[in-house]
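Enquirer: Pasting in a structure now, in C-alpha coordinates, and then I'll have a few things to ask.
The values are calculated or read from the model by the stated rules, or taken from the named source; none is laboratory data. Keep in mind the model is a prediction, meaning the values are calculated, not measured. Glycine gets a Cβ as well: all are built from the backbone with ideal geometry, and neighbour counts include every protein chain shown. Quick note on the areas: whole protein, heavy atoms, side chains included, nothing else; ligands and nucleic acids left out. Shrake-Rupley method; radii C 1.70, N 1.55, O 1.52, S 1.80 Å.
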Amino acid sequence: MELLYKSTRDADKTVTASQAILKGLASDGGLFVPVEIPKLDVDLDELKEMSYQETAYQVMKRFLTDFTEEELRHCINSAYDEKFDTTEIAPLVEVNDGVFHLELFHGATIAFKDMALSILPHLMTTAAKKNHADHEIVILTATSGDTGKAAMAGFADVPGTKIIVFYPKNGVSRVQELQMVTQKGVNTAVVAIHGNFDNAQSGVKKMFEDQALAAELAKAGYQFSSANSINIGRLVPQVVYYVYAYAKLLQKGEIAKGEEINVTVPTGNFGNILAAYYAKQMGLPIAKLICASNENKVLFDFFETGVYDKNRDFVLTSSPSMDILISSNLERLIYQVAGQDAQKDCELMKALNTEGKYEITGEMKAGLKDFVGGYATEEQTSQAIHDTYQRNGYVMDTHTAVASYVSEQYRKETGDAKKMVVASTASPYKFARSVMTSIDSKYEGMDDFALIEELKKVSGVEIPNAVKEIMDAKVLHNRECDVDQMEQTVKAILKVEA
Ligand SMILES: *Cc1c(COP(=O)(O)O)cnc(C)c1O
(Lines give C-alpha, C1' and ligand atoms only; values in the text may rest on other atoms or scores of the structure.)
Protein backbone atom coordinates (compact mmCIF):
# COMPACT_ATOMS: atom_id res chain seq x y z
CA MET A 1 0.00 0.00 0.00
CA GLU A 2 1.34 3.39 -0.98
CA LEU A 3 1.93 5.95 1.79
CA LEU A 4 1.41 9.51 0.58
CA TYR A 5 2.52 12.83 2.02
CA LYS A 6 0.73 16.13 2.55
CA SER A 7 1.84 19.63 3.33
CA THR A 8 0.97 20.80 6.87
CA ARG A 9 -0.61 23.84 5.20
CA ASP A 10 -2.66 22.20 2.43
CA ALA A 11 -5.42 19.68 3.12
CA ASP A 12 -5.94 18.55 -0.46
CA LYS A 13 -2.78 17.88 -2.41
CA THR A 14 -0.75 14.71 -1.87
CA VAL A 15 2.68 13.72 -3.13
CA THR A 16 4.73 10.53 -3.04
CA ALA A 17 7.63 10.05 -0.63
CA SER A 18 10.21 10.59 -3.37
CA GLN A 19 8.51 13.79 -4.51
CA ALA A 20 8.44 15.08 -0.93
CA ILE A 21 12.18 14.38 -0.53
CA LEU A 22 13.00 16.03 -3.84
CA LYS A 23 11.07 19.18 -3.03
CA GLY A 24 12.23 19.49 0.60
CA LEU A 25 9.66 22.09 1.60
CA ALA A 26 6.15 22.34 0.13
CA SER A 27 5.63 25.35 -2.12
CA ASP A 28 3.01 26.73 0.31
CA GLY A 29 5.74 26.95 2.96
CA GLY A 30 4.40 23.94 4.85
CA LEU A 31 6.30 20.78 5.81
CA PHE A 32 5.54 17.41 4.28
CA VAL A 33 4.06 14.83 6.65
CA PRO A 34 2.90 11.26 6.02
CA VAL A 35 -0.91 11.08 5.86
CA GLU A 36 -0.60 8.45 8.58
CA ILE A 37 2.26 6.97 10.57
CA PRO A 38 2.83 3.38 9.45
CA LYS A 39 2.77 0.58 12.04
CA LEU A 40 5.94 -1.24 12.95
CA ASP A 41 4.41 -4.66 12.38
CA VAL A 42 7.63 -6.62 12.88
CA ASP A 43 8.08 -8.83 15.93
CA LEU A 44 10.45 -7.26 18.48
CA ASP A 45 12.14 -10.65 18.89
CA GLU A 46 13.06 -10.47 15.22
CA LEU A 47 14.14 -6.83 15.45
CA LYS A 48 16.50 -7.48 18.32
CA GLU A 49 18.65 -9.75 16.15
CA MET A 50 18.92 -7.25 13.29
CA SER A 51 21.90 -5.19 12.20
CA TYR A 52 21.56 -1.42 11.97
CA GLN A 53 21.18 -1.68 8.19
CA GLU A 54 18.43 -4.30 8.39
CA THR A 55 16.59 -2.28 11.06
CA ALA A 56 16.88 0.75 8.79
CA TYR A 57 15.33 -1.19 5.93
CA GLN A 58 12.43 -2.42 8.08
CA VAL A 59 11.62 1.09 9.32
CA MET A 60 12.26 3.08 6.15
CA LYS A 61 10.39 0.83 3.74
CA ARG A 62 7.22 1.54 5.70
CA PHE A 63 7.61 5.29 5.12
CA LEU A 64 9.20 5.42 1.68
CA THR A 65 6.82 3.12 -0.14
CA ASP A 66 7.60 4.28 -3.66
CA PHE A 67 11.24 3.20 -3.36
CA THR A 68 11.89 -0.37 -4.52
CA GLU A 69 13.61 -2.81 -2.17
CA GLU A 70 16.72 -2.67 -4.35
CA GLU A 71 16.82 1.14 -4.33
CA LEU A 72 16.31 1.42 -0.61
CA ARG A 73 18.85 -1.27 0.29
CA HIS A 74 21.35 0.40 -2.01
CA CYS A 75 20.82 3.76 -0.26
CA ILE A 76 21.14 2.16 3.18
CA ASN A 77 24.27 0.17 2.35
CA SER A 78 25.95 3.19 0.75
CA ALA A 79 25.25 5.30 3.84
CA TYR A 80 25.97 3.07 6.83
CA ASP A 81 29.38 1.69 5.90
CA GLU A 82 33.02 2.32 6.90
CA LYS A 83 32.31 6.04 7.15
CA PHE A 84 31.19 5.07 10.64
CA ASP A 85 33.94 4.12 13.07
CA THR A 86 31.96 1.21 14.52
CA THR A 87 29.94 -1.56 12.87
CA GLU A 88 27.25 -1.01 15.49
CA ILE A 89 26.72 2.43 13.86
CA ALA A 90 24.89 3.74 16.95
CA PRO A 91 26.29 2.13 20.16
CA LEU A 92 24.29 2.17 23.36
CA VAL A 93 26.36 2.87 26.49
CA GLU A 94 25.09 2.66 30.08
CA VAL A 95 26.35 5.89 31.64
CA ASN A 96 24.25 5.92 34.79
CA ASP A 97 22.21 3.23 36.46
CA GLY A 98 19.36 2.56 34.03
CA VAL A 99 20.36 5.49 31.80
CA PHE A 100 21.75 4.61 28.39
CA HIS A 101 23.39 7.06 26.02
CA LEU A 102 22.65 6.31 22.40
CA GLU A 103 25.86 7.52 20.74
CA LEU A 104 24.82 9.02 17.43
CA PHE A 105 28.18 10.62 16.64
CA HIS A 106 30.21 7.83 15.09
CA GLY A 107 29.82 9.06 11.50
CA ALA A 108 32.09 11.11 9.27
CA THR A 109 31.49 14.51 10.89
CA ILE A 110 31.05 13.28 14.49
CA ALA A 111 27.55 14.69 15.13
CA PHE A 112 24.18 12.99 14.98
CA LYS A 113 23.41 14.79 11.72
CA ASP A 114 25.45 12.06 9.99
CA MET A 115 22.75 9.51 10.87
CA ALA A 116 20.43 11.10 8.32
CA LEU A 117 22.76 13.11 6.10
CA SER A 118 24.87 10.17 5.07
CA ILE A 119 21.77 8.66 3.47
CA LEU A 120 19.91 11.77 2.27
CA PRO A 121 22.07 12.34 -0.86
CA HIS A 122 21.36 8.76 -1.94
CA LEU A 123 17.64 9.15 -1.29
CA MET A 124 17.69 12.46 -3.14
CA THR A 125 19.48 11.24 -6.27
CA THR A 126 17.27 8.14 -6.35
CA ALA A 127 14.20 10.37 -6.00
CA ALA A 128 15.45 12.61 -8.83
CA LYS A 129 15.82 9.60 -11.12
CA LYS A 130 12.40 8.20 -10.21
CA ASN A 131 10.75 11.52 -10.98
CA HIS A 132 12.79 12.21 -14.12
CA ALA A 133 13.94 15.52 -12.64
CA ASP A 134 16.00 17.21 -15.34
CA HIS A 135 17.24 20.17 -13.31
CA GLU A 136 20.37 20.28 -11.24
CA ILE A 137 19.42 20.12 -7.55
CA VAL A 138 20.68 22.97 -5.39
CA ILE A 139 20.64 22.05 -1.72
CA LEU A 140 20.13 25.18 0.35
CA THR A 141 21.00 24.63 3.97
CA ALA A 142 20.92 26.72 7.11
CA THR A 143 23.09 25.33 9.87
CA SER A 144 23.54 25.94 13.57
CA GLY A 145 26.89 24.21 13.18
CA ASP A 146 26.55 20.49 12.53
CA THR A 147 24.10 20.11 9.64
CA GLY A 148 26.27 22.16 7.29
CA LYS A 149 29.32 19.95 7.49
CA ALA A 150 27.37 16.70 7.52
CA ALA A 151 25.34 17.78 4.48
CA MET A 152 28.41 18.88 2.54
CA ALA A 153 30.23 15.67 3.39
CA GLY A 154 27.23 13.80 1.97
CA PHE A 155 26.70 15.89 -1.15
CA ALA A 156 30.33 16.78 -2.07
CA ASP A 157 30.92 15.88 -5.72
CA VAL A 158 27.58 14.08 -6.04
CA PRO A 159 26.72 14.49 -9.75
CA GLY A 160 23.66 16.59 -10.49
CA THR A 161 23.79 18.47 -7.16
CA LYS A 162 25.20 21.65 -5.70
CA ILE A 163 25.11 22.58 -2.03
CA ILE A 164 25.15 26.01 -0.41
CA VAL A 165 25.45 26.27 3.38
CA PHE A 166 24.70 29.33 5.52
CA TYR A 167 26.03 29.43 9.10
CA PRO A 168 25.96 32.17 11.79
CA LYS A 169 29.38 33.87 11.74
CA ASN A 170 29.94 33.99 15.49
CA GLY A 171 27.53 31.24 16.48
CA VAL A 172 29.50 27.99 16.00
CA SER A 173 32.47 26.34 17.71
CA ARG A 174 35.99 26.61 16.31
CA VAL A 175 36.01 22.97 15.24
CA GLN A 176 32.59 23.32 13.61
CA GLU A 177 33.70 26.36 11.62
CA LEU A 178 36.97 24.79 10.51
CA GLN A 179 35.14 21.65 9.45
CA MET A 180 32.95 23.72 7.15
CA VAL A 181 35.43 26.19 5.65
CA THR A 182 37.88 23.42 4.74
CA GLN A 183 35.24 21.38 2.88
CA LYS A 184 36.40 20.08 -0.48
CA GLY A 185 34.21 19.43 -3.52
CA VAL A 186 33.63 21.66 -6.56
CA ASN A 187 29.88 21.71 -5.93
CA THR A 188 30.11 23.01 -2.32
CA ALA A 189 29.78 26.60 -1.10
CA VAL A 190 29.87 27.93 2.46
CA VAL A 191 28.67 31.37 3.54
CA ALA A 192 28.99 32.95 6.99
CA ILE A 193 26.05 35.26 7.62
CA HIS A 194 26.09 38.27 9.90
CA GLY A 195 23.22 37.00 12.01
CA ASN A 196 22.05 33.98 14.02
CA PHE A 197 20.68 30.57 13.04
CA ASP A 198 17.07 31.77 12.99
CA ASN A 199 18.06 34.46 10.46
CA ALA A 200 19.76 31.81 8.32
CA GLN A 201 16.81 29.42 8.47
CA SER A 202 14.23 32.14 7.78
CA GLY A 203 16.28 33.37 4.82
CA VAL A 204 16.47 29.89 3.35
CA LYS A 205 12.75 29.25 3.88
CA LYS A 206 11.97 32.55 2.18
CA MET A 207 13.90 31.51 -0.89
CA PHE A 208 12.00 28.20 -0.98
CA GLU A 209 8.66 30.00 -0.94
CA ASP A 210 9.63 32.56 -3.60
CA GLN A 211 7.93 31.36 -6.78
CA ALA A 212 9.50 34.06 -8.95
CA LEU A 213 12.94 32.98 -7.81
CA ALA A 214 12.04 29.34 -8.50
CA ALA A 215 11.04 30.25 -12.07
CA GLU A 216 14.23 32.22 -12.60
CA LEU A 217 16.34 29.32 -11.37
CA ALA A 218 14.41 26.80 -13.43
CA LYS A 219 15.32 28.82 -16.52
CA ALA A 220 18.97 28.48 -15.55
CA GLY A 221 18.48 24.73 -15.05
CA TYR A 222 18.27 24.61 -11.25
CA GLN A 223 15.77 23.54 -8.62
CA PHE A 224 16.09 23.95 -4.86
CA SER A 225 15.88 21.26 -2.24
CA SER A 226 16.72 21.12 1.45
CA ALA A 227 19.06 19.14 3.66
CA ASN A 228 17.54 20.60 6.83
CA SER A 229 15.24 18.51 8.95
CA ILE A 230 12.32 20.24 7.28
CA ASN A 231 13.01 17.58 4.61
CA ILE A 232 11.10 14.40 5.47
CA GLY A 233 14.09 12.51 4.04
CA ARG A 234 16.01 13.66 7.10
CA LEU A 235 13.39 12.59 9.60
CA VAL A 236 12.65 9.07 8.42
CA PRO A 237 16.25 7.81 8.84
CA GLN A 238 16.19 9.28 12.35
CA VAL A 239 13.27 7.07 13.38
CA VAL A 240 15.50 4.07 12.80
CA TYR A 241 17.88 4.53 15.74
CA TYR A 242 15.12 4.69 18.32
CA VAL A 243 13.84 1.34 17.12
CA TYR A 244 17.42 0.03 17.09
CA ALA A 245 18.06 1.29 20.65
CA TYR A 246 14.91 -0.40 21.95
CA ALA A 247 15.86 -3.63 20.21
CA LYS A 248 19.36 -3.48 21.71
CA LEU A 249 17.97 -2.98 25.24
CA LEU A 250 15.81 -6.02 24.66
CA GLN A 251 18.71 -8.04 23.31
CA LYS A 252 20.88 -7.16 26.31
CA GLY A 253 18.11 -8.26 28.67
CA GLU A 254 17.76 -4.75 30.11
CA ILE A 255 14.03 -4.68 29.38
CA ALA A 256 11.29 -7.23 28.80
CA LYS A 257 9.45 -7.38 25.49
CA GLY A 258 6.90 -4.56 25.37
CA GLU A 259 8.28 -2.80 28.48
CA GLU A 260 8.09 0.96 28.13
CA ILE A 261 11.17 3.17 28.11
CA ASN A 262 11.62 6.95 28.27
CA VAL A 263 13.67 9.00 25.86
CA THR A 264 15.46 12.33 26.43
CA VAL A 265 16.55 14.36 23.41
CA PRO A 266 18.68 17.54 23.35
CA THR A 267 16.54 19.71 21.12
CA GLY A 268 16.94 22.62 18.75
CA ASN A 269 14.94 22.41 15.56
CA PHE A 270 12.74 19.62 17.02
CA GLY A 271 13.73 17.10 14.33
CA ASN A 272 15.39 14.46 16.46
CA ILE A 273 12.66 14.33 19.10
CA LEU A 274 9.96 14.32 16.44
CA ALA A 275 11.59 11.20 15.02
CA ALA A 276 11.27 9.61 18.48
CA TYR A 277 7.60 10.59 18.51
CA TYR A 278 7.12 8.96 15.12
CA ALA A 279 8.80 5.82 16.49
CA LYS A 280 6.31 5.83 19.36
CA GLN A 281 3.43 6.28 16.95
CA MET A 282 4.70 3.34 14.93
CA GLY A 283 4.10 1.32 18.09
CA LEU A 284 7.50 1.34 19.77
CA PRO A 285 6.94 1.16 23.56
CA ILE A 286 8.11 4.66 24.51
CA ALA A 287 6.35 6.36 27.45
CA LYS A 288 7.67 9.91 27.80
CA LEU A 289 9.50 12.04 25.25
CA ILE A 290 11.60 14.46 27.26
CA CYS A 291 12.55 17.57 25.32
CA ALA A 292 15.75 19.13 26.67
CA SER A 293 16.60 22.74 25.85
CA ASN A 294 19.50 25.00 26.71
CA GLU A 295 18.94 28.60 27.86
CA ASN A 296 17.02 29.25 24.62
CA LYS A 297 14.14 27.48 26.35
CA VAL A 298 11.28 28.47 24.09
CA LEU A 299 10.17 24.82 23.88
CA PHE A 300 10.21 24.32 27.66
CA ASP A 301 7.94 27.33 28.03
CA PHE A 302 5.72 26.04 25.24
CA PHE A 303 5.17 22.65 26.89
CA GLU A 304 4.46 24.41 30.21
CA THR A 305 2.02 27.01 28.94
CA GLY A 306 0.82 26.15 25.43
CA VAL A 307 2.20 29.49 24.25
CA TYR A 308 5.03 29.51 21.74
CA ASP A 309 6.78 32.86 22.02
CA LYS A 310 10.05 33.61 20.25
CA ASN A 311 10.07 37.25 21.39
CA ARG A 312 13.04 36.99 23.71
CA ASP A 313 16.80 37.40 23.64
CA PHE A 314 18.73 34.92 21.56
CA VAL A 315 21.40 33.44 23.85
CA LEU A 316 24.73 32.15 22.54
CA THR A 317 25.44 29.04 24.63
CA SER A 318 28.04 26.30 24.84
CA SER A 319 25.59 24.05 22.95
CA PRO A 320 25.37 26.16 19.76
CA SER A 321 23.59 23.55 17.67
CA MET A 322 20.60 24.11 19.96
CA ASP A 323 20.69 27.91 19.85
CA ILE A 324 17.39 28.17 18.03
CA LEU A 325 14.19 30.10 18.78
CA ILE A 326 12.12 28.94 15.81
CA SER A 327 11.96 25.16 15.95
CA SER A 328 10.73 24.33 12.47
CA ASN A 329 9.70 20.75 13.05
CA LEU A 330 7.35 21.69 15.84
CA GLU A 331 4.97 22.60 13.01
CA ARG A 332 4.62 18.89 12.21
CA LEU A 333 3.57 18.18 15.79
CA ILE A 334 1.24 21.18 15.87
CA TYR A 335 -0.46 19.91 12.71
CA GLN A 336 -0.83 16.46 14.30
CA VAL A 337 -2.35 17.68 17.58
CA ALA A 338 -4.63 20.03 15.63
CA GLY A 339 -6.18 16.86 14.19
CA GLN A 340 -4.34 17.30 10.86
CA ASP A 341 -6.12 20.60 10.35
CA ALA A 342 -4.12 22.51 7.71
CA GLN A 343 -6.27 25.61 8.16
CA LYS A 344 -5.50 25.77 11.90
CA ASP A 345 -1.84 25.15 11.26
CA CYS A 346 -1.74 28.01 8.73
CA GLU A 347 -3.33 30.38 11.24
CA LEU A 348 -0.82 29.58 13.96
CA MET A 349 2.21 29.76 11.67
CA LYS A 350 1.00 33.07 10.32
CA ALA A 351 0.79 34.39 13.87
CA LEU A 352 4.34 33.14 14.49
CA ASN A 353 5.47 35.01 11.39
CA THR A 354 3.75 38.28 12.16
CA GLU A 355 3.69 38.46 15.97
CA GLY A 356 6.42 35.99 16.82
CA LYS A 357 4.03 33.94 18.96
CA TYR A 358 0.95 31.75 19.01
CA GLU A 359 -1.14 29.89 21.55
CA ILE A 360 -2.63 26.44 21.05
CA THR A 361 -6.07 25.39 22.32
CA GLY A 362 -6.58 23.34 25.48
CA GLU A 363 -7.61 20.40 23.35
CA MET A 364 -4.39 20.60 21.35
CA LYS A 365 -2.36 20.89 24.54
CA ALA A 366 -3.95 17.66 25.78
CA GLY A 367 -2.47 16.02 22.68
CA LEU A 368 1.02 16.84 23.95
CA LYS A 369 0.75 14.71 27.07
CA ASP A 370 3.57 12.37 26.00
CA PHE A 371 6.02 15.27 25.99
CA VAL A 372 7.84 16.71 28.99
CA GLY A 373 9.89 19.90 28.66
CA GLY A 374 13.07 20.59 30.60
CA TYR A 375 16.12 22.81 30.31
CA ALA A 376 19.63 23.24 31.63
CA THR A 377 21.43 26.52 32.31
CA GLU A 378 25.03 26.96 31.21
CA GLU A 379 26.18 26.20 34.72
CA GLN A 380 24.07 23.05 35.03
CA THR A 381 25.35 21.85 31.66
CA SER A 382 28.94 22.36 32.69
CA GLN A 383 28.29 20.69 36.05
CA ALA A 384 26.75 17.66 34.33
CA ILE A 385 29.90 17.18 32.22
CA HIS A 386 32.08 17.56 35.29
CA ASP A 387 30.09 15.24 37.55
CA THR A 388 29.66 12.50 34.98
CA TYR A 389 33.39 12.54 34.30
CA GLN A 390 34.18 12.42 38.02
CA ARG A 391 31.76 9.57 38.59
CA ASN A 392 32.81 7.21 35.84
CA GLY A 393 35.35 8.79 33.50
CA TYR A 394 32.80 9.19 30.70
CA VAL A 395 33.23 12.44 28.74
CA MET A 396 30.17 13.83 27.00
CA ASP A 397 29.66 16.85 24.79
CA THR A 398 27.72 19.98 25.79
CA HIS A 399 24.51 19.10 23.91
CA THR A 400 24.37 15.64 25.39
CA ALA A 401 25.09 17.21 28.78
CA VAL A 402 21.96 19.35 28.49
CA ALA A 403 19.93 16.19 27.91
CA SER A 404 21.75 14.30 30.64
CA TYR A 405 20.99 17.01 33.19
CA VAL A 406 17.33 17.20 32.17
CA SER A 407 16.98 13.43 32.24
CA GLU A 408 18.41 13.18 35.78
CA GLN A 409 16.20 16.04 36.89
CA TYR A 410 13.12 14.30 35.49
CA ARG A 411 13.96 11.01 37.17
CA LYS A 412 14.55 12.72 40.52
CA GLU A 413 11.43 14.84 40.41
CA THR A 414 9.00 12.19 39.22
CA GLY A 415 10.50 8.99 40.59
CA ASP A 416 9.83 7.52 37.16
CA ALA A 417 12.54 4.85 37.01
CA LYS A 418 11.81 3.44 33.56
CA LYS A 419 14.92 2.72 31.53
CA MET A 420 16.05 5.94 29.88
CA VAL A 421 17.64 6.43 26.49
CA VAL A 422 19.48 9.75 26.17
CA ALA A 423 20.25 10.80 22.61
CA SER A 424 23.97 11.60 22.59
CA THR A 425 24.31 13.94 19.67
CA ALA A 426 27.96 14.96 19.29
CA SER A 427 31.47 13.84 20.04
CA PRO A 428 33.04 15.87 22.87
CA TYR A 429 35.91 16.58 20.45
CA LYS A 430 33.66 18.95 18.56
CA PHE A 431 33.29 21.16 21.62
CA ALA A 432 36.66 20.53 23.27
CA ARG A 433 36.94 23.98 24.86
CA SER A 434 33.63 23.92 26.71
CA VAL A 435 34.04 20.27 27.64
CA MET A 436 37.57 20.52 29.00
CA THR A 437 37.00 23.71 30.98
CA SER A 438 33.94 22.04 32.54
CA ILE A 439 36.10 19.14 33.64
CA ASP A 440 38.73 21.45 35.13
CA SER A 441 39.18 25.23 35.03
CA LYS A 442 42.95 24.74 34.66
CA TYR A 443 42.37 24.20 30.92
CA GLU A 444 41.05 27.72 30.38
CA GLY A 445 44.24 29.30 28.98
CA MET A 446 45.00 26.59 26.39
CA ASP A 447 44.40 26.85 22.65
CA ASP A 448 41.85 24.65 20.89
CA PHE A 449 44.24 22.09 19.49
CA ALA A 450 46.09 21.67 22.77
CA LEU A 451 42.71 21.04 24.40
CA ILE A 452 42.02 18.32 21.86
CA GLU A 453 45.21 16.54 22.94
CA GLU A 454 44.19 16.92 26.60
CA LEU A 455 40.75 15.54 25.83
CA LYS A 456 42.38 12.45 24.42
CA LYS A 457 44.30 12.00 27.67
CA VAL A 458 41.34 12.36 29.99
CA SER A 459 38.83 10.37 27.91
CA GLY A 460 41.09 7.65 26.58
CA VAL A 461 39.17 7.98 23.29
CA GLU A 462 41.24 8.24 20.09
CA ILE A 463 41.04 11.61 18.27
CA PRO A 464 38.45 11.08 15.51
CA ASN A 465 39.52 11.40 11.86
CA ALA A 466 37.10 14.29 11.45
CA VAL A 467 39.25 16.32 13.86
CA LYS A 468 42.63 15.12 12.59
CA GLU A 469 41.58 16.16 9.09
CA ILE A 470 41.04 19.81 9.97
CA MET A 471 44.26 20.22 11.91
CA ASP A 472 46.23 21.12 8.80
CA ALA A 473 43.58 21.44 6.11
CA LYS A 474 43.48 24.50 3.85
CA VAL A 475 40.69 27.04 4.27
CA LEU A 476 38.77 26.92 0.98
CA HIS A 477 35.75 29.11 1.76
CA ASN A 478 35.68 32.69 3.02
CA ARG A 479 32.39 34.10 1.78
CA GLU A 480 30.34 36.26 4.18
CA CYS A 481 27.10 38.16 3.72
CA ASP A 482 24.45 40.17 5.52
CA VAL A 483 21.12 38.54 6.31
CA ASP A 484 19.36 40.49 3.57
CA GLN A 485 21.91 39.47 0.93
CA MET A 486 21.30 35.73 1.03
CA GLU A 487 19.37 35.58 -2.23
CA GLN A 488 21.95 37.69 -4.10
CA THR A 489 24.69 35.48 -2.70
CA VAL A 490 22.95 32.34 -3.96
CA LYS A 491 22.59 33.87 -7.40
CA ALA A 492 26.24 34.89 -7.44
CA ILE A 493 27.34 31.39 -6.49
CA LEU A 494 25.12 29.85 -9.17
CA LYS A 495 26.12 32.53 -11.67
CA VAL A 496 22.48 33.37 -12.34
CA GLU A 497 22.03 36.93 -13.62
CA ALA A 498 20.32 39.22 -11.12
C1 LIG B 1 21.29 19.55 15.50
C2 LIG B 1 21.76 19.18 16.85
C3 LIG B 1 20.88 19.11 17.94
C4 LIG B 1 19.42 19.47 17.83
O5 LIG B 1 18.71 18.53 17.04
P6 LIG B 1 17.28 18.97 16.42
O7 LIG B 1 16.90 17.82 15.57
O8 LIG B 1 17.56 20.21 15.62
O9 LIG B 1 16.37 19.22 17.55
C10 LIG B 1 21.38 18.67 19.16
N11 LIG B 1 22.68 18.38 19.32
C12 LIG B 1 23.57 18.46 18.29
C13 LIG B 1 24.99 18.14 18.55
C14 LIG B 1 23.14 18.85 17.03
O15 LIG B 1 24.02 18.91 16.02
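Enquirer: Considering Asn294, Asn311, which residue is at pLDDT 95 or above and either within 20 Å of the chain's Cα centre (by Cα) or within 13 Å of the ligand (Cβ to nearest atom) (or both)?
Expert: Every option except Asn294 fails the conditions.
One line per residue, one yes/no per condition, for (1) of a type outside the set (S, T, N, Q); (2) within 16 Å of the ligand (Cβ to nearest atom); (3) farther than 22 Å from Ala111 by Cα; (4) free of Cβ contacts under 8 Å to residues at least 60 places away in the same chain:
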| position | (1), (2), (3), (4) |
| --- | --- |
| Glu379 | yes, no, yes, yes |
| His399 | yes, yes, no, no |
| Ala423 | yes, yes, no, no |
| Ala432 | yes, yes, no, no |
| Met436 | yes, no, no, yes |
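Enquirer: Only one of Gln340, Gln409, Gln383 is over 21 Å from Tyr278 (Cβ atoms), away from the ligand (no atom under 16 Å from the Cβ) and out of contact with any Gly (no Cβ under 9 Å at 6 or more places or on another chain); which? Show your work before the answer.
Expert: Details: Gln340 fails: over 21 Å from Tyr278 (Cβ atoms); Gln409 fails: out of contact with any Gly (no Cβ under 9 Å at 6 or more places or on another chain).
After ruling out the rest, the residue left standing is Gln383.
Enquirer: Against the definition (away from the ligand (no atom under 16 Å from the Cβ), of a type in the set (Val, Ile, Thr) and touching a Pro at 6+ places or on another chain (Cβ under 9 Å)), how does Ile89 come out, yes or no?
Expert: No: the conditions fail for Ile89.
Enquirer: State the number of residues belonging to the stretch 111-154 that are in contact with a strand residue (DSSP E or B) (Cβ under 8 Å, 6 or more places away or on another chain) and under 17 Å from Gln238 (Cβ atoms).
Expert: 11
Enquirer: Sticking with this one: Within the stretch 238-273, can you find the residues that are within 12 Å of the ligand (Cβ to nearest atom) and in a helix (DSSP H, G or I)?
Expert: Hits for the stretch 238-273 are Gln238, Gly271, Asn272, Ile273.
Enquirer: Determine whether Ala423 is part of a helix (DSSP H, G or I) and buried (at least 24 other Cβ atoms within 10 Å of the Cβ).
Expert: So Ala423 fails the test.
Enquirer: One residue is enough: does the stretch 108-131 have a residue meeting the conditions outside any helix (DSSP H, G or I), open to solvent by less than 20 Å² (accessible area, probe 1.4 Å), more than 20 Å from Ile273 (Cβ to Cβ) and without any contact (Cβ under 8 Å) to a residue 60 or more places away in the chain?
Expert: Within the stretch 108-131 (the criterion being outside any helix (DSSP H, G or I), open to solvent by less than 20 Å² (accessible area, probe 1.4 Å), more than 20 Å from Ile273 (Cβ to Cβ) and without any contact (Cβ under 8 Å) to a residue 60 or more places away in the chain), the answer is yes, since at least one residue qualifies.
Enquirer: Which residues, taken from the stretch 86-97, are open to solvent by 10 Å² or more (accessible area, probe 1.4 Å) and part of a loop (DSSP other than H, G, I, E, B)?
Expert: Answer for the stretch 86-97, where residues must be open to solvent by 10 Å² or more (accessible area, probe 1.4 Å) and part of a loop (DSSP other than H, G, I, E, B): Thr86, Thr87, Glu88, Pro91, Asp97.
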